[in-house]
Each structure stands twice: as structure tokens, then as C-alpha cells.
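See below for the structure under consideration.
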Amino acid sequence: MEYAVIIILGAALCLTLAVLWRQRSERRRAATLLEVSLRLGSTIKRKELLEIIMATTARTLQAEGSSVLLLDEEKDELYFEVATGDRHDEVKQIRLKAGEGIAGWVAASRQSVLINDVAKDARWSNRVSVKVNVPTRNMLCVPVQSSGKMLGVLQVINKQGGRPFHQKDLRLLEMIASPAAIALENMLLYEALEKSIDDLRITTAAKERMESEMKIAKDIQRSFLPGEHYRMGDAELHACLYPAREVGGDFFHYMKLDEHRLLICLGDVSDKGMPAALFMSGLMIWIKAKADKKATPAEMVEKINRELSTDDSTMFATILLAVYDAETRELTYCNGGHCPPIHLSKGKAEALKSGSSLPVGIFADTEYRNNVVRVTEGDSIILYTDGITEAENDRCEWFGYGRLSRSAEEASALAPSQLNQAICQSVLDYSNGGAQSDDIAIMTLRINEITTK
Amino acid sequence: MTMQARQLGETTIIALSGRLDGMTMSEVEEQFLALIEQGRSRFVFDMSGLEYISSAGLRVMLLAVKKTRAAGGKLALFAVTGNVDEVFQMSGFSTIFAIFATEEEALSYIAAS
């Protein structure tokens, strides 16, 4: 009887001790895991994080070494970044093919393994062990996954004191694998972010370089144009140009042919941006080269056209070239596919019509015609590009010739520069600050009273 | 911008619609060059759906003329109206195209040789 009581009491005591011991070990395990999670969350830098994961894992599992093998999704390989232990410098660039070795098997099967005699396991690949000269006796290896996505494997090697690993060690390692997965995923996100910031920096630098080249191109293009103001005897001229982009295809030119004749010219290359700017530069050179006091505007345009027309090119430019003769007070003009100039006389605007002629640069043998208009004191001739008439409002409606001629009539008493400014302002108001989609050029020639001579 | 091509005997009928400008010209250019590559050389452009043509758009039309001439073929347009007609008149482009009112007239021009 007494023995029975002692046995029962003894059993009860054992059970209580066992429960207490288990509770204590569970508490200890929970505390360990919490500590591990906190440590792993302390950095997102690759080198630091991998070192922390490996050091913490090896210490927690009382192992001689630990390593993290990350999955390279593109190549389908596992690779070592670093390894703790005495030889942690040597384990940097080792790669395992999918399925190779125990780590490869774990990554492929997504199952944990405990191997207490590594040499006897058929999956064992001694490639790494030999390479780093770390003899492996036993090991634990678990997959590291986050939301079902395979990130790599976590392994520990050689339980300290020559002891074997137990199932509870494997469970502990599996538990460590989840905070490790979260920390690794954060690291990968951070790296992706860093890479895109780097890419952005490179793109921005390239863009800045291009913008500076464009700025130089803009300055070069500007240098082809004469100044905005010019006066010759009774003729007063003002011209301005607003490219839609840094460089553009609209152009103007004027030059004194002799004591009483002034050449004026304005046009539009059939594109915008750099290709148009290059074509415009060539065109400006030909205009200057073919300007001739003995030739009529049509003859000059024919010569310019012959130089610019090639079989292969589809670049062309509309052009209005005119010569004002102060002696005869006649304006002789030639229109190569350009919008009709405005003749502003006594406050009334009239379009200077001419038969259709092709722009320059299309067919070398195109013939051009001269038209003549008589002007009197106070008259203005306004040349412009379709960037004005085709400026659009919010409803995609054009500014049009009608609005242009009314704006010109309203501003007819103003000086040429103010008249140009007034027209550009009405275009701007009409398009309501919307993006300027085409280049704009405008030139006004005013015939003043003769004050001298 | 849309470009639809259909074949009628030896002639390719190309219907353009929407806006033909700097933004859309490369699309038309590529498709037209592909047709030339295939050995086509007789073209009729249906311009009835075209709302707008810019100077960049005119370049594509010029390319079509030059390529067709080089291929020894023929090209005609029909139903050139509104803004597009104005641009063709002002730019002198109306002088380098055979322009007709209807598809039938354009087709019979192409057929005559």
C-alpha cells in the first residue's frame, strides 16, 4: 500500500516536473524566437543581414556553422553569399545547380531534412565541403519561403561537442526560417528599390546631357536667324519665332539686296524637332547663297528648290519669299506652298492669294511664279506660319485665318513689334495656355512715311 | 488615326481616317512601305474619313508618290474634302496628285494605262 502511494506520488511529481520543464522550455523557445526575429529585423543591408541570420542561427542551434543559400530565379541556382565560422571569407561565390546536393534537394522539394551522417546520404555533394575545407558531419537544412515564394535555404552544420541533431532542433530551425524569410524579402525589395533609383539616376543623367546638347543646338539655330528688328529707309520690320520644342522647323530671314530693295522670307519645315532643325539650317544657307539682286523671288526659290530636292528625301519646307522695292513701292512675292500673307491696308486685312505652288525640296524641276502687290504708306505685310492658324482651343477648333485677320485689323495702328505681340497674345489666349503643338513664326513689314531723302 | 488596306484586283485601296500628323505619320509610313515591299504599285487612297492633315502628314503622302513612281506604279486619291482639301490646295500638293471625287473615277484612272 505505502509503495503504491509512493509510486503514485512519484509519478505525479514526475508528471508535474515534466509539465513544468516543458512549459519552461516552450517559454525559452518563444523567448529565443522573439530575440531572433528582433535581430533579423534590425537591418536590410545584404551583407549585414546574412551575417546576422547565420550567426544567430548557429548560436541558437549550438552548431559550428550556418549558411544561407539564396535562390537565383533567373539561373535556377542556389548561391552562397557569405558563411560564418572560421573560414567565412572563402565561401562567397559558390553556386549549386537546381537539385544539386542536399541544399538543392531541399530547395526543389521544399522539405526540411535532418542528416546525422552526411557521408552516408546519397544526396550529399562534397563539392562545397571540399572547396572550403570544412568537413561536414551532420546538418539540418530547411526551405526559406515567403507567401509560397521560394527564397532559398537555411542550413546549419555540425552540432557542437560532436553531438547529433534532434527533431526539436529541426523544428526550431524551421521556426527561425519564417522571420528570416521576411527579413530576406525586405532586403530584396530594398535592393530592387535601390536598383530602380540607380536606373533613374542614370536615365536622368542621360536626359540632362541630351537637354544640354539640345540647348546648344537651339543656340546654333538661333544664330542662323537675323535679329528681330530691322529698318531700311521707309521699311520697318519685326519678326519673332517661338519653337514648340527646343529646336524647330520655322524660320525667317531678311537682307538688304541694294539701296532700295529688301528681301524678306519666312517658312516652315514639314516636321518639328531635330530633323526639322537640321533641314532648316541647310535651307537657311541656301537662302543666303541664292539671294541675288538681279533675280526675281520666283527665280531665287527655283534655285533654292533645285539644291534641296533629292529623290529619296521626303523633307520639304513651305516658303514665302518676297522683295520689297522702296522705289516702286511694290512687293514681289513667290509662294511655295505657304499660307497666304496678309496685306493690311487702312485697317483692312486682305489675304495675298497666289496659285498653288509646291513647297521647296520636293521635285527639282518645279516652276514657281511671281505675284506683285502695290503698297502705300502705313500698310503692313504680315508673314506667318500655320502654327498660328492651326493653334487649337480646348475643343480642338483652330484659331483660323478669320481670327488672325481680325487680330491684325485690331492691332493695325501699332508698331510692328507690338502688332506681332498682339497677334501672338490672341493665339495664346485662344489656346488657353494649352501646350503649343507647333512652331510659330511671324514677321511684319511696315511701310512708313518717307522722312529723309 | 487608322489606315485600312484592302485589295481589289491589282489595286490596293487604302482608307485613311482621323488625324494624319507628326504623331501618326510613322504608322502610315510603315504600313505603306510594307505594301511596297510586297510588290504592290497601284494605290487608291480613300480620304473621306480624314479629318486633318499636317505638314508632317503631307510628307507621308509625298513618300507614297515618290515610292509609287519609283515602282513604276500609279496612285490616285478620292474624296479630299474640308480642311484636308484646303491644305492640299494651299501647299500645292493638289498639283502632284490625281484627285477624284469618287472611288469609281479613281479606280478607272488607275486601270487606264
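Only the coordinates and a few stated rules stand behind these numbers; no lab work does. None of the values given here were measured: they were computed from a predicted structure. Note that we place each Cβ from the backbone using ideal geometry, even for glycine, and neighbour counts take in every protein chain shown.
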Over every pair of different alpha-carbon atoms in the range A:97-246, take the mean of 1/r and invert it; report that Kirkwood radius in Å.
21.4
Nearest 0.05, what FRET efficiency do A:TRP21 and A:HIS166 give at R0 = 22 Å with Cβ-Cβ as r?
0.90
Between the range B:14-76 and the range A:233-254, how far is it from one alpha carbon centroid to the other, in angstrom?
32
Please count, across the range A:252-365, the pairs of lysine residues with Cα atoms under 18 Å apart that sit 8 or more places apart or on different chains.
8
State log₁₀ I(q)/I(0) for the range A:217-447 at q = 0.09, 0.16, 0.18 Å⁻¹ as given by the Debye formula over alpha-carbon point scatterers of equal weight, solvent excluded.
-0.33, -1.12, -1.43
FRET E, pair B:GLU104, A:MET255, Förster distance 45 Å, beta-carbon r, rounded to 0.05:
0.30
On Cα atoms only, tilt of A:297-308 relative to the major axis of chain A in degrees:
30
Net charge contributed by nearby residues that have their C-beta within less than 9 Å of A:ALA326 (K/R +1, D/E -1)
-2
What spacing in nm lies between the two simple spin-label points modelled at A:THR204 and A:ARG306, each 7 Å away from Cα in the Cβ direction?
5.5
What is the sum of charges around B:TYR52, taking Lys and Arg as +1, Asp and Glu as -1, for the other residues whose C-beta is under 11 Å from the C-beta of B:TYR52?
-4
Skipping prolines and chain starts, which residues have an amide H placed within reach, meaning under 5 Å, of the one on A:LEU257, given they are 5 or more residues away or on another chain?
A:LEU262, A:LEU263
Cα centroid of the range A:105-119 to Cα centroid of the range A:193-217, whole Å
49
Note the direction-averaged projected area, equal to a quarter of the hull surface, for the Cα convex hull of the range A:32-189, in nm².
8.4
If each residue of separation counts as 0.36 nm, what is the full-extension length gain between A:ARG46 and A:ALA98 once their alpha-carbon separation is subtracted?
16.5 nm
Which net charge results for the neighbourhood of B:ALA70, defined as the other residues with beta-carbon distances under 12 angstrom from its beta-carbon, given Lys and Arg at +1 and Asp and Glu at -1?
+1
Using θ = phi - 60° and the Karplus form 6.51 cos²θ - 1.76 cosθ + 1.60, what ³J(HN,Hα) does each residue of the range B:93-102 get, whole Hz, x for Gly and Pro?
5, 4, 7, 9, 10, 8, 10, 10, 7, 10
With Rh as the Kirkwood radius over Cα pairs, the range B:68-113 has Rg/Rh of 1.01
So for the protein assembly as shown, what are the equivalent ellipsoid semi-axes in whole Å, largest first, each being the square root of 5 times an eigenvalue of the Cα gyration tensor?
84, 29, 22
Rg(Cα) / (2.2 N^0.38 Å) computed for the range B:23-113, rounded to two decimals:
1.03
If each residue's Cβ is checked for other Cβ atoms within 10 Å, how do A:SER354, A:SER37, A:SER212 rank with the fewest at the top?
A:SER212, A:SER37, A:SER354
Sorted from largest down, what three extents in whole angstroms do the Cα atoms of the range A:342-453 have along their principal axes?
50, 42, 20
In percent, how large is the relative contact order of the range A:217-447, given Cα pairs closer than 8 Å and 6 or more residues apart?
24
Quick one: angle between helix A:400-410 and the longest Cα principal axis of chain A, in degrees between 0 and 90, rounded to 10, please.
60
For chain B, calculated [θ]222 nm from helices alone, where every DSSP H run of n ≥ 4 adds -39500 (n - 2.57)
-13000 deg cm²/dmol
